[in-house]
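Before any comments, here is the structure.
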Amino acid sequence: MRRISVPLWLGLGILALLLLCAAAPQLLWPTDPLAFDFAALTAAPSWAHPFGTDQFGRDMLARTIAASSVDLQIALFSVVFPLMIGTLIGLAVGWYGGWLDAVFGRLVDLVVTFPFLVLVIAIVAVLGPGLVNMYIAVACVGWVAYARLIRGEVMVQRNSDYVAAARVLGYSTARIVFRHILPNALRPVLVYSVTDMALCILLGSSLGYLGLGAQPPTAEWGVLIADGKNFFTTAPWITLFPGVAIVLAGLGFSLAGDGLADLLEVKR
Amino acid sequence: MNAPLLEVRDLGVVFATPRGAVHAVDGLDFTVGAGEVLGIVGESGSGKSVTLRAIPRLLHANATVSGQVLWRGEDMLALPAERLRRLRGGQVAMVFQEPMSALNPVLPIGQQIDEVLVAHTSLDGRARRARAVELLGLVGIASAAARLAQYPHEFSGGMRQRAMIAIALAAEPALLLADEPTTALDVTIQDQILQLLLRLVDELGMALVLVTHDLGVVAETCDRVAVMYAGRLCETGTVGAVFGGPRHAYTDALLRSMPGTGTARERLVPIPGQPPRIDRPVAGCAFAPRCTHARPVCGTERPRLTDWAEGHASACFAADELGAPLVGAVA
Amino acid sequence: MTPPLLEADALTKHFPGRRGLLDMLRRRERPVVRAVEALSLDVRAGETLGIVGESGCGKSTLARCLVRLHRPDAGVLRFRGTDVDALSEADRRRFNRQVQMVFQDPYSSLNPRMTVRAVLAEALAVHKVVPPDQIEGRVAALLDLVHLSRDAAERYPHEFSGGQRQRIGIARALAVEPSVLIADEPVSALDVSVQAQIVNLFLELQERLGLTLVFITHDLRLVRHLAHRVAVMYLGRIVETGPTAELFAAPRHPYTQGLLRAVPQMAAGQGRVRRAAAITGGLPSPLAPPPGCSFHPRCPIAEPACSTAVPALAARGGAWPVACRLAG
């Protein structure tokens, strides 16, 4: 068995903490995230409220913890759909090549001309704000990156001798593509997807901040920051701690992604 | 024989790796005289290429080199960096297996020759150009003047190897170290390059150390041969003595395993087992696990290099059983 | 004479070459790599046919045409008299059960993410070679056949040495019980001391299973030892073919003669040999093969007429065919 490196441990540790926050928020900090405490409006961090409170006296620690489940959901769903769509398209393009590849190439050119965020915002603007529409927008744009990665890997694997051997053995195309090529082409995609989760949390927070993603009163880190922006000079903790949570989640996914890259490296 | 140009004494190379120390070369001795061709043969993991690269100190920083490499009596391993740089590419030149990776792809061939001439001669620009043309002609590249402006990718594999030899010869070295110079080439091109090297040895009085895995190449190209296995020297001597009556069980087995002109479709006599792993130290003879002549002592004690005749030595406990001419097996 | 088991009739395979932007702007035609050019060949049941040639002569392309990895551009490939091209998809699979391949590179020819058991069991299951409950036993039998220990089944390719990997590749090819094995440089990536093991394995398998073997290599010593008949390739064509021992003793084509001279000899006690190079010059580009006999620019006896017409592979008064108008 291969050794799990220190960065991977660290990344997995952070992600485990986030998962715990999402799964059992009451366990870590029993305060109700929606309870108003009029005795402590925009109170600075204290023993009773370690992360302080917002303008309604809601406990920021409880709200930051409560937001983690929404943000993890964003990380998962904005990666899984592009990953699946992109993998299938990438496999087809990489295996068949030819005119399919030419069409794909133009499509990629078209999509990468626009900055990712701008394109997503444009699509959400058309569909209307909300998490589900955000997932649709991300899937529409995000699959391209996955398809390109898979396509490149398939092109390499397609010409290797073990694939030639499978063809000489008369295996069906589906068997060769899914059983032989896919497991060998998946590593960069899996690694990228974990790092992509970090970016997706940032994206979800950005859209939440802009009012296009999660809608208040849903606690989401970007929404929390947006809520607190008017009090930034007087009560910086309202924006600070959700910001720290975003950074921490991003770090966790990045470290896990790097660690995964080493772990999945195939021995030749 | 005149005093050796190069004398390697008790050479050892240890690589520090994340999984521990790897003894790539261990207690190696050999000499090369002027105008002499020495072949170093061995299979993968034998340490033959590492040995060659250790001579001009071309190994990476994770390698620890011990012993002595005496160049005209002076230890190259102890030489200050500046002196060593003048020696490298000047008196001692090197040719590699892959000309494509050894040549700089973005510089014309002429400029790569020019660099060596600038570093090691006091010729002016016009004389350097004339010398470059002369060098390409020497290695058999036609229309040399036009070729100088061309880039490595415009040369064929054999031509690239010739160009690399021309660069190596630019400073008129006294010793040429060649690391599998023909392994990547076809037989007919290999034949041309080997004949070219032999002609240069004769005409320029240069010494040549030729590292190869091909016993046939050694048989036709070298005066003397050193056989390596798992980083150690098994046997050394004139090509005739070693190939005619090997005194090491490994050399003997290797020669017998080759398809010769013996009866066609008869079973060959393979060496059992797999090539050695050098990542763990071996107590006795490294070849013992695969050796048909192995005795108990082979597993515990390391055989010492023993002379059998003038210039023919081997490190094998079973040497007295060997030495008979290999009739039929080699012809 | 036995009828041929596998027969290539004027097979031709060209590949599109690369064309730069500048070439496109100049409206140059797309260059064509003439890998195999109107090549005819037959393989008889039970024999070993050696195909020798230097890199770039098209021998690997020929191997891939013979197992139908490549579809030839022209010509016919027949197996037991049937045109392979005319076969249905299902029959093509049946053809490939009969004609299997062993690859050169023991590293890239095995799927790094599959255990040896998975590799062998897959071939057995897909072709229903044995009922599912007997797969386990057959995997063990295959490992025995290629002299690998049975615990090898649980391991991944990276845990094996080059020679052992090549044994796995051979076991995979044998799993579907083929009658012909096309081996493309099967030992050239291996250490000298291991080559003999694999050569012996081929000899043994041929005896035990009655296999027909097409052995493709650049190593003339191996061909001389293994092959009953040999075909010498140069730039996509066969220049000479005949019984190995006789052909090697008295080669008729100037290229074969030069090739044999260029192979370093092991003759004992010889030491340094100085002589003129056996063949001068390099292999011409298959993008633009010379007109006429493609060997004429390097040929020591070429005449002006050699550059006009392609010489046919014909007996020309000798015991075996040769493609040289000056042979006789």
Problem set entry | Count of residues meeting criterion [within 12 Å of chain B (Cβ to nearest Cβ), open to solvent by 20 Å² or more (accessible area, probe 1.4 Å) and farther than 16 Å from C:Q104 by Cβ] in the stretch C:201-239 | 6
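If I ask for residues that are among the aliphatic types (A, V, I, L, M), surrounded by 19 or more Cβ atoms within 10 Å (Cβ to Cβ) and in a loop (DSSP other than H, G, I, E, B), which ones from the stretch C:308-328 would you list?
Here is the first cut: in the stretch C:308-328, the ones among the aliphatic types (A, V, I, L, M) are C:309-310, C:312-315, C:319, C:322-323, C:326-327.
Now restrict to residues that are surrounded by 19 or more Cβ atoms within 10 Å (Cβ to Cβ): C:313, C:322-323, C:327.
Listed by number, the residues that qualify are C:L313, C:A323, C:A327.
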Exercise. Which of the following residues is more than 8 Å from chain C (Cβ to nearest Cβ), surrounded by 20 or more Cβ atoms within 10 Å (Cβ to Cβ) and more than 27 Å from the chain's Cα centre (by Cα): B:C298, B:C291, B:C285?
Worked result: B:C298
Exercise. Which members of the stretch C:80-97 meet the condition of being more than 9 Å from chain A (Cβ to nearest Cβ) and open to solvent by less than 30 Å² (accessible area, probe 1.4 Å)?
Worked result: C:V84
Exercise. Based on what the data block shows, is C:R165 more than 10 Å from every other protein chain (Cβ to nearest Cβ) and open to solvent by 20 Å² or more (accessible area, probe 1.4 Å)?
Worked result: no
For this session: Report, by residue number, each residue of the stretch B:258-282 that is closer than 21 Å to C:S188 by Cβ, open to solvent by 30 Å² or more (accessible area, probe 1.4 Å) and aliphatic (A, V, I, L, M).
Result: B:A264, B:V269
Exercise. Identify, please: which residue in the stretch C:241-275 is facing chain B (nearest Cβ under 7 Å) and of a type in the set (A, V, I, L, M, F, W, C) and is, among those, nearest to the chain's Cα centre (by Cα)?
Worked result: C:L259
Exercise. So C:G17 clears everything in (1) within 24 Å of C:P311 (Cα to Cα); (2) open to solvent by less than 20 Å² (accessible area, probe 1.4 Å) except one condition, right? Which one?
Worked result: (1)
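Being at pLDDT below 95, among the aliphatic types (A, V, I, L, M), out of contact with any Leu (no Cβ under 8 Å at 6 or more places or on another chain) and closer than 20 Å to A:Y192 by Cβ is the requirement here; does A:V103 meet it? Spell out the reasoning first.
Details: at pLDDT below 95: yes; among the aliphatic types (A, V, I, L, M): yes; out of contact with any Leu (no Cβ under 8 Å at 6 or more places or on another chain): yes; closer than 20 Å to A:Y192 by Cβ: no.
No.
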Seminar exercise, completed: For the stretch C:240-262 the number of residues that are open to solvent by 10 Å² or more (accessible area, probe 1.4 Å), in contact with a helix residue (DSSP H, G or I) (Cβ under 7 Å, 6 or more places away or on another chain) and among the hydrophobic types (A, V, I, L, M, F, W, C) is 2
Problem set entry | In the stretch B:245-257, the residues that are farther than 18 Å from B:C298 by Cβ and within 7 Å of chain C (Cβ to nearest Cβ) | B:S257
For this session: Please go through the stretch C:98-130 and pick out each residue that is open to solvent by 60 Å² or more (accessible area, probe 1.4 Å), more than 23 Å from C:I198 (Cβ to Cβ) and either more than 7 Å from chain A (Cβ to nearest Cβ) or not basic (K, R) (or both).
Result: C:K128
For this session: Please list, ordered by first then second residue, the pairs with beta carbon atoms under 7 Å, 6 or more apart or interchain, first in the stretch A:31-48 and free of Cβ contacts under 8 Å to residues at least 24 places away in the same chain and more than 14 Å from A:R63 (Cβ to Cβ), second of a type in the set (G, A, S) and open to solvent by 50 Å² or more (accessible area, probe 1.4 Å).
Result: none
For this session: Please go through the stretch C:173-192 and pick out each residue that is open to solvent by less than 20 Å² (accessible area, probe 1.4 Å) and either more than 27 Å from B:D214 (Cβ to Cβ) or out of contact with any helix residue (DSSP H, G or I) (no Cβ under 8 Å at 6 or more places or on another chain) (or both).
Result: C:A173, C:L174, C:A175, C:V176, C:P178, C:V180
Exercise. Counting only residues that are in contact with a helix residue (DSSP H, G or I) (Cβ under 6 Å, 6 or more places away or on another chain) and assigned to a loop (DSSP other than H, G, I, E, B), how many does the stretch A:3-41 have?
Worked result: 4
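Is it the case that C:L148 is in a helix (DSSP H, G or I), away from chain A (no Cβ under 13 Å) and of a type outside the set (D, E, K, R)?
On the way: in a helix (DSSP H, G or I): no; away from chain A (no Cβ under 13 Å): yes; of a type outside the set (D, E, K, R): yes.
So C:L148 fails the test.
Scanning for something basic (K, R) and open to solvent by less than 50 Å² (accessible area, probe 1.4 Å), does the stretch A:42-64 turn up at least one residue?
Of all residues in the stretch A:42-64, those basic (K, R) come to A:58, A:63.
Narrowing the set further to residues that are open to solvent by less than 50 Å² (accessible area, probe 1.4 Å) leaves A:58, A:63.
Yes, because at least one residue in the stretch A:42-64 is basic (K, R) and open to solvent by less than 50 Å² (accessible area, probe 1.4 Å).
Do the conditions hold for C:S285, that is, is it away from every other protein chain (no Cβ under 14 Å), open to solvent by 20 Å² or more (accessible area, probe 1.4 Å) and farther than 26 Å from B:G216 by Cβ? Walk me through how you get there before you give the answer.
On the way: away from every other protein chain (no Cβ under 14 Å): no; open to solvent by 20 Å² or more (accessible area, probe 1.4 Å): yes; farther than 26 Å from B:G216 by Cβ: yes.
Here the answer is no, as C:S285 does not meet what is asked.
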Seminar exercise, completed: Every listed condition ((1) crowded, with 20+ Cβ neighbours inside 10 Å; (2) of a type in the set (V, I, T); (3) under 24 Å from the mean Cα position of the chain (by Cα)) holds for C:V76 save (1)
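Would you say C:I198 is within 30 Å of C:H14 (Cα to Cα) and not polar (S, T, N, Q)?
Values: within 30 Å of C:H14 (Cα to Cα): no; not polar (S, T, N, Q): yes.
The answer is no for C:I198.
Within the stretch C:295-313, take every residue that is within 14 Å of chain B (Cβ to nearest Cβ) and of a type outside the set (K, R) and give me the one that is nearest to the chain's Cα centre (by Cα). Give the steps one after another, and end with the answer.
Step one: filter the stretch C:295-313 for residues within 14 Å of chain B (Cβ to nearest Cβ), giving C:295, C:297-300.
Now narrow it down to the ones that are of a type outside the set (K, R): C:295, C:297, C:299-300.
Values: C:F295: 21, C:P297: 26, C:C299: 25, C:P300: 28 Å.
Here the residue is C:F295.
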For this session: Restricting attention to the stretch C:298-307, report how many residues are surrounded by 12 or more Cβ atoms within 10 Å (Cβ to Cβ) and closer than 18 Å to B:V187 by Cβ.
Result: 2
Exercise. What helices (runs of 4 or more DSSP H) lie completely within the stretch A:100-173 and have 3 or more residues being over 30 Å from C:A118 (Cα atoms)?
Worked result: A:116-127, A:131-158
Exercise. Within the stretch C:1-118, which strands (runs of 3 or more DSSP E) (wholly inside it) include 2 or more residues that are touching a residue at least 60 places away in the same chain (Cβ under 8 Å) and more than 25 Å from A:I181 (Cβ to Cβ)?
Worked result: C:4-16, C:32-44, C:48-52, C:74-79
Problem set entry | Residues located in the stretch B:213-228, provided they are open to solvent by 10 Å² or more (accessible area, probe 1.4 Å) and more than 8 Å from chain C (Cβ to nearest Cβ) | B:R224
Exercise. Consider A:L199 against the criteria (1) farther than 30 Å from C:P178 by Cα; (2) within 14 Å of another protein chain (Cβ to nearest Cβ): it satisfies all of them except one. Which criterion is unmet?
Worked result: (2)
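Residue-wise test of (1) open to solvent by less than 30 Å² (accessible area, probe 1.4 Å); (2) of a type outside the set (V, I, T); (3) under 30 Å from C:V67 (Cβ atoms).
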| residue | (1), (2), (3) |
| --- | --- |
| A:L83 | no, yes, no |
| A:G86 | yes, yes, no |
| A:R106 | no, yes, no |
| A:R158 | no, yes, yes |
| A:R167 | no, yes, yes |
Exercise. Given (1) within 12 Å of chain B (Cβ to nearest Cβ); (2) open to solvent by less than 10 Å² (accessible area, probe 1.4 Å), where does C:F160 come up short, assuming only one miss?
Worked result: (2)
Exercise. Which one of these does A:R151 not meet: (1) away from chain C (no Cβ under 14 Å); (2) surrounded by fewer than 19 Cβ atoms within 10 Å (Cβ to Cβ)?
Worked result: (2)
Problem set entry | B:L194 being open to solvent by less than 20 Å² (accessible area, probe 1.4 Å) and either away from chain C (no Cβ under 12 Å) or not polar (S, T, N, Q) (or both) | yes
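The values are calculated or read from the model by the stated rules, or taken from the named source; none is laboratory data. Just so it is clear, the model here is predicted, and its values are computed rather than measured. All Cβ positions, even for glycine, are placed from backbone atoms using ideal geometry, and neighbour counts span all protein chains on display. Heads up: the accessible areas ignore ligands, DNA and RNA and are worked out on the full protein's heavy atoms, side chains in. Shrake-Rupley method; radii C 1.70, N 1.55, O 1.52, S 1.80 Å.
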